[in-house]
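J.: My structure is below; once you've seen it, I'll send some questions.
The values are calculated or read from the model by the stated rules, or taken from the named source; none is laboratory data. These numbers come from a predicted model, not from an experiment. Heads up, the Cβs are rebuilt from the backbone with ideal geometry, glycines too, and the neighbour counts pull from every protein chain shown. We work out accessible area using only protein heavy atoms, side chains counted, and drop any ligands, DNA or RNA first. Shrake-Rupley method; radii C 1.70, N 1.55, O 1.52, S 1.80 Å.
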Amino acid sequence: MNREIDRFLESPALSDATRRAYRVDVREFAAWLDRRGTGLQDVDVRALADYAAELGRARPRKLAPATIARKLAAVRAFLRHALGKEHVPDASFAPRRPLRLPDAPRPQEVERELEAIEGEGPLAVRNRTLVELVYSAGLRSQEAVDLDLADVDFDQELVHVRGKGGKERVVPLGEEASHRLAVYLREARPELARGAENAAPPPPSPAACVRDAPPGGRRRPAHDPGAARPQLALDDADVQPRRFKAAEEGL
């Protein structure tokens, strides 16, 4: 079964974070099958129901419903990959999760947080721009890291986002975030690019930079070994997509 698990985890449809979580979940399921003497080809509705019951039993620390649902989702994805979709029961064995309202911050709290990162200089402008972009477009940290300049459309105020599992979506970009981003590109980004040439890079940090790609060129890695981190800059600060220049000139 290890060979089937390895092939499943090598699927390009899985993000790195999903692959790490699924590796643990699927190997736990494989170990459970071994203990009860059930082969992979013999997994059926009863086996999945028994495994769901096993996950729900009291342990030194009882698993949360969301954790059980994730583990079962990993197992079902593995079975679909190894046996085919037609061999995976449609029945859901995940426990019902309680409905919870999101704990949304109040507008005053958001304003205080944004004011706390205000400052002077290009780094402060860059940091405020990243926060506005993530908050306005509802991005995950990794999604912000994976952005290219061409992913932002100033004219229509939209952001093209590449999310988990290779999924893509287009989300609106707020007016304030659009303004901050254009100001950053015009005023702070060229200065950061010039100052990054001889700086020693500190350890990488998630959501610390947004990767740029020159128009029609090869995508650059999220971190250039010769550049200061974090940064949102091309090696050549003058290389920018045309629509970004037009948006800046219109401000």
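J.: Expressed in nm to one decimal, what extension gain is obtained for the pair Glu54 and Val171 from 0.36 nm per residue of sequence separation less their Cα-Cα distance? The partial results should precede the final answer.
T.: Details: separation 117, 0.36 × 117 = 42.12 nm, distance 4.04 nm.
Length difference between fully extended and current span is 38.1 nm.
J.: Still on this structure, I have one more. Obtain the nm distance between the two label points defined at Ala91 and Ala21 by a simple spin-label model: each point lies 7 Å from its Cα along the Cα-to-C-beta direction.
T.: In this crude spin-label approximation the distance works out to 2.6 nm.
J.: What number comes out for accessible area per residue over the range 1-153 if the probe is 1.4 Å? Units Å², please. Please report the intermediate quantities before stating the final value.
T.: On the way: 9720 Å² over 153 residues.
On a per-residue basis, the range 1-153 sits at 64 Å².
J.: Where the accessible area of the range 1-144 is counted over protein heavy atoms with a 1.4 Å probe, how much of it, in %, is carbon and sulfur? Write down the numbers at each step before the final one.
T.: Details: 4730 of 9530 Å².
Summing carbon and sulfur atoms, their accessible area is 50 percent of the total for the range 1-144.
J.: Per-residue accessible area for Ile5 at 1.4 Å probe radius, Å² rounded to 10?
T.: Surface accessible to solvent at Ile5 totals approximately 0 Å².
J.: Right, another one. What are the semi-axes of the equivalent ellipsoid of the range 46-148, taken as the square roots of 5 times the eigenvalues of the Cα gyration tensor, listed largest first and rounded to whole Å? Working shown, then result.
T.: Values: eigenvalues 364, 74, 26 Å².
Calculated on Cα positions only, the semi-axes equal 43, 19, 11 Å.
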